Amino acid sequence: MKQSHRPTSVPADPEHWSDKSKQTVAYGFIREYTDRPYKCWRCQAECVFTAQDQKYTYEVKKASIDQRRSLCEACWSESHRIRNMLLECEERWAAAKAELRGNKSFLTHWFELLAALEAYVPYKPDTAKKNMLAKLLASA
């Protein structure tokens with residue numbers, strides 16, 4: 001049986017927001033954070049962006065006050081893992097492009113990571129990079 005969630009709230013201190021967030025209308029109005037339920041964009045899990053998480057996100061990490069959660073913790077962690085592996089691919093590519101142009105295993109892995117990330121982001125995929133990799137794979 002699903003537990004009901006009672007929203008909690010914590011005081012907000014907009015003086016600790018990022019400079020950009022301080023320039024928003026919210027700066028004059030938000031005095032507390034309250035738990036915000038949401039549904040994970042990818043897996044549809046019911047989640048809560050807790051008031052305490054909001055305080056940390058906006059006041060410590062200095063994220064934009066307009067930022068909203070769209071992924072549950074598990075999906076966010078997986079998307080972060082994929083992004084880190086993509087970064088490793090890009091670093092390898094930058095360091096050894098000539099050798100990697102014909103490395104079908106590397107190119108396929110990179111292409112598959114780009115495709116996997118698309119399941120976690122609700123915006124436009126990196127079509128240019130995927131097209132480059134598809135051309136390189138066709139000629140490898």
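Would region 69-84 turn up any residue that is outside the structural domain of I30 (by TED's automatic domain parsing), surrounded by 13 or more Cβ atoms within 10 Å (Cβ to Cβ), touching a helix residue (DSSP H, G or I) at 6+ places or on another chain (Cβ under 8 Å) and of a type in the set (V, I, T)?
Scanning region 69-84, I find at least one residue that is outside the structural domain of I30 (by TED's automatic domain parsing), surrounded by 13 or more Cβ atoms within 10 Å (Cβ to Cβ), touching a helix residue (DSSP H, G or I) at 6+ places or on another chain (Cβ under 8 Å) and of a type in the set (V, I, T), so the answer is yes.
Regarding H16, is this residue assigned by TED's automatic domain parsing to the domain that holds K130 and either more than 19 Å from the chain's Cα centre (by Cα) or modelled with pLDDT under 95 (or both)?
No: the conditions fail for H16.
How about region 118-133: which of its residues are surrounded by 13 or more Cβ atoms within 10 Å (Cβ to Cβ) and part of a helix (DSSP H, G or I)?
Scanning region 118-133 gives K129, K130, M132, L133.
In region 8-105, which helices (runs of 4 or more DSSP H) lie fully inside it and hold 1 or more residues that are touching a His at 6+ places or on another chain (Cβ under 9 Å) and of a type in the set (D, E)?
Because the criterion is at least 1 residues that are touching a His at 6+ places or on another chain (Cβ under 9 Å) and of a type in the set (D, E), no helices (runs of 4 or more DSSP H) in region 8-105 meet it.
Do any residues in region 16-40 that are without any contact (Cβ under 8 Å) to a residue 60 or more places away in the chain have Cβ atoms under 9 Å from those of residues that are hydroxyl-bearing (S, T, Y) and in a strand (DSSP E or B), where the two are at least six apart or on different chains, and which pairs are they?
Here the result reads E32/S9; Y33/S9; T34/S9; D35/S9, each pair linking region 16-40 to a residue that is hydroxyl-bearing (S, T, Y) and in a strand (DSSP E or B).
Quick test for you: out of E90, E99, E73, E59, pick the one residue that is among the acidic types (D, E) and within 20 Å of K20 (Cβ to Cβ).
Exactly one residue qualifies, and that residue is E59.
Going by the structure shown, is Y33 under 30 Å from D13 (Cβ atoms) and among the hydroxyl-bearing types (S, T, Y)?
Yes; evaluated as a whole, the condition is true for this residue.
Looking at E78, E59 in this structure, which one is at pLDDT 95 or above, of a type in the set (D, E, K, R), farther than 17 Å from V121 by Cβ and out of contact with any Leu (no Cβ under 6 Å at 6 or more places or on another chain)?
Going through E78, E59 in turn, the sole match is E59.
Against the condition farther than 30 Å from A140 by Cβ, out of contact with any helix residue (DSSP H, G or I) (no Cβ under 7 Å at 6 or more places or on another chain) and of a type in the set (G, A, S), how does S64 come out, does it pass?
Details: farther than 30 Å from A140 by Cβ: yes; out of contact with any helix residue (DSSP H, G or I) (no Cβ under 7 Å at 6 or more places or on another chain): no; of a type in the set (G, A, S): yes.
When the stated conditions are applied, S64 does not pass them.
Show the residue pairs that are 6+ apart or on different chains and have beta-carbon atoms under 7 Å apart, the first residue being within region 107-135 and over 17 Å from E78 (Cβ atoms), the second being surrounded by 15 or more Cβ atoms within 10 Å (Cβ to Cβ) and not hydrophobic (A, V, I, L, M, F, W, C).
Between residues of region 107-135 that are over 17 Å from E78 (Cβ atoms) and residues that are surrounded by 15 or more Cβ atoms within 10 Å (Cβ to Cβ) and not hydrophobic (A, V, I, L, M, F, W, C), the close pairs are F111/K130.
The values are calculated or read from the model by the stated rules, or taken from the named source; none is laboratory data. The shown structure was predicted, so the numbers you read here are calculated from the model rather than taken from an experiment. Cβ sites come from the backbone with ideal geometry, for glycine too, and all protein chains shown count toward neighbours.
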